[in-house]
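Here is the structure we will look at, set down as structure tokens.
The values are calculated or read from the model by the stated rules, or taken from the named source; none is laboratory data. In this text, all values refer to a predicted model and were calculated from it rather than measured experimentally. Here the Cβ positions follow ideal geometry from the backbone for every residue, glycine too, while neighbour counts run over all protein chains shown. The accessibility values were calculated without ligands, DNA or RNA, using every heavy atom of the protein model including side chains. Shrake-Rupley method; radii C 1.70, N 1.55, O 1.52, S 1.80 Å.
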Amino acid sequence: MKRLFFALLAVALAVGLIWKREALRFHLFDPGASYASAQRGDVAKPAFNYSVQPGGNGRLYLIHGINRAPEHWREAPFNGLVQQGYEVVFIHLPPADPAFFNDGGKAYCAAFTQWLDNLDMRLDTERGRQPRKFIAGISYGGLHAMTAARRLAWVDAYAALSPAVYLRNLSSLRFQSNSECSPLLDPPSTPGIVAWSSDDEVGADLMQLAAIRANASAVPASGIGHTTSTEQMGRVIEFLSAQHP
């Protein structure tokens, strides 16, 4: 029994140490890297990529959350949007380097929208058609979606799910700024829908304000944190479907 007790105690201590290490990384390491990058003041160049799921019911660009991957969109409840018959273009964002935003995101956001514009023109040429075009993003990807909707005239509608409209609310970008591409300062006028939860630690009040300033359809929830509910995704799907002529 003593051996079993000490074995279980050792496992418990190991789990505790791992948890503390991850908590320390989240609260200290990420902001520490952000601070060091801000002190250097360097501005990094991003590289984007994409993959396509064929379809014919309009073109839908999907942008994943921070330091995630396109598979983010295949998780529930987001996967409901992938199954609507669109030509889905998954945007592969690079890992979120703090140096992307040491200039307020000026160079990064310009590079992203220029890359996306070139990609869309190439897809139009390859397909021989210009379908209705929508863009949607989760969290950090939601900021990208709103930025694209503001800057690219061909975006017919957008959806921002728990959009990280104020990047300093993300621990890994605590000392950076997106002032040069902020939906709060320069909101899109394209038809859009914004979903958030009132207890979202990334900034529920700012997400609501972004929706108001963009005159977007608002889909609030409560008690789910930094994610999106099945009901909210249903509203998003209905909204984008309604944008077809």
#### Entry: Near pairs, Cβ below 8 angstrom, 6+ apart or cross-chain, from the range 23-47 (over 26 Å from GLN114 (Cα atoms) and open to solvent by 70 Å² or more (accessible area, probe 1.4 Å)) to any residue that is assigned to a helix (DSSP H, G or I) and at pLDDT below 95
PHE26/SER171; HIS27/SER171
### Message
Checking the conditions here, which among LEU161, LEU167, LEU184 is open to solvent by 10 Å² or more (accessible area, probe 1.4 Å) and at pLDDT 95 or above?
### Response
LEU184
### Task
Test each condition in (1) over 30 Å from PRO245 (Cα atoms); (2) surrounded by 17 or more Cβ atoms within 10 Å (Cβ to Cβ); (3) polar (S, T, N, Q) for SER198 and report the one that comes out false.
(2)
### Any hit, the range 220-238, residues being open to solvent by 40 Å² or more (accessible area, probe 1.4 Å), on the phi > 0 side of the Ramachandran plot and touching a residue at least 24 places away in the same chain (Cβ under 8 Å)
yes
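Matching residues to (1) among the hydroxyl-bearing types (Ser, Thr, Tyr); (2) modelled with pLDDT under 95; (3) out of contact with any Asp or Glu (no Cβ under 7 Å at 6 or more places or on another chain); (4) surrounded by fewer than 17 Cβ atoms within 10 Å (Cβ to Cβ):
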residue: LEU123; (1), (2), (3), (4): no, no, yes, no
residue: GLU126; (1), (2), (3), (4): no, yes, yes, yes
residue: PHE134; (1), (2), (3), (4): no, no, no, no
residue: TYR140; (1), (2), (3), (4): yes, no, yes, no
residue: LEU152; (1), (2), (3), (4): no, no, no, no
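Rundown of residues vs (1) open to solvent by 10 Å² or more (accessible area, probe 1.4 Å); (2) out of contact with any helix residue (DSSP H, G or I) (no Cβ under 9 Å at 6 or more places or on another chain); (3) touching a residue at least 12 places away in the same chain (Cβ under 8 Å); (4) on the phi < 0 side of the Ramachandran plot, yes/no style:
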| position | (1), (2), (3), (4) |
| --- | --- |
| SER51 | yes, no, yes, yes |
| PRO54 | yes, yes, yes, yes |
| ILE66 | yes, no, yes, yes |
| ALA69 | yes, yes, yes, yes |
| VAL88 | no, no, yes, yes |
| GLY104 | no, no, yes, no |
| TYR108 | no, no, yes, yes |
